Amino acid sequence: MKAGYTHDFNIREECLVCNITNEVLPPEDFQIDKTYRFEGETNPDDQSIVYAISSSKFNMKGVLVNGYGISADEATSKLVEKLQTNPGADNTVEVKSNEATPQRPEGDRVVNAPLVEMDLDKFIELIKSESTWKESDRNSITIFKSDTLRIVLMGLHKDAEMKPHSANGVISVQVLEGEIKFSTDQQTCRVSKGKMIALHEQITHSVQAVKETFLLLTLAMNAKR
């Protein structure tokens, strides 16, 4: 990496392991300097977070990769909680844009800034125009993402189903068009246009579209995860 984070770290028994030197290192001697999040443009479950970490004691810089949200690895998440955030790190809001992809070649759409405007009608039309929507049972687009908050606009064809899963954070679901059946182990409810629900973290749930539906999925989580 250009910033000197050349070591690749993994987890072993709640310690950091350098893949280059095979050294086992205590997490309390490292700190988080920066975090980077990546995700698949059409699947909010396909996402990862890269931690740029360093140690003045060992004169070492490297990266640690974990899943994010639904795909987070429990062992890595627990170790990350032990890492100290660099007090000298720049905490100003960094303006971020989505990267160009074969499906969305234009790129440069702002997804994080001090103020982000989101045209939901425009995004729904974008979802409908793409090949993923025409060829599969769903399509989605991340319209905002920061260290603690992510907002995804999702379109589901009738009968499209999201299998049981849980999230590492509180979520809310607001239906803009259509209707879904939202189920947990204890309760099932129907959510239609103009209604929304909230669900606490780590509760297994599933979603099924009763009709063609567009919804806003918001995930709020601890920045350390």
Item to complete: Please give the FRET efficiency for Ser183 paired with Ala3, using the beta carbon to beta carbon distance and R0 = 41 Å, rounded to the nearest 0.05.
Response: 0.35
Worksheet entry | Note, ³J(HN,Hα) from phi for the range 110-118, Karplus 6.51, -1.76, 1.60, rounded to Hz, x at Gly and Pro | 5, 10, 8, 6, x, 9, 10, 8, 10
Item to complete: Quick one: Debye curve from the alpha-carbon atoms of the range 130-219 only, equal weights, vacuum; give me log10 I(q)/I(0) at q = 0.11, 0.16, 0.17, 0.18 Å⁻¹ to two decimals.
Response: -0.28, -0.61, -0.69, -0.78
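Measure up Lys34/Lys145; Lys128/Lys158; Lys134/Lys193; Lys134/Lys195; Lys122/Lys158 against 18 Å on the Cα-Cα distance and list the ones that go over.
Working: Lys34/Lys145 15 Å; Lys128/Lys158 14 Å; Lys134/Lys193 23 Å; Lys134/Lys195 27 Å; Lys122/Lys158 21 Å.
Result: Lys134/Lys193; Lys134/Lys195; Lys122/Lys158 exceed 18 Å.
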Discussion item. With +1 on the Cβ of every Lys and Arg and -1 on the Cβ of every Asp and Glu, and nothing else charged, how large is the dipole of the range 115-221 about its Cα centre, in debye rounded to the nearest 20?
Written reply: 200
Discussion item. Quick check: pseudo-label points 7 Å beyond the Cα along Cα→Cβ at Asp119 and Ile197, how many nm apart are they?
Written reply: 3.3
Discussion item. For a protection proxy built on the mean count of beta-carbon atoms within 10 angstrom, sort 4-10, 165-171 highest first, please.
Written reply: 165-171, 4-10
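Each value in this text was obtained by applying a stated rule to the coordinates, not by laboratory testing. The structure presented is a predicted model; accordingly, all values stated were derived computationally and were not measured. Counting neighbours? That spans all protein chains shown, and the Cβs are built from the backbone with ideal geometry, glycine included.
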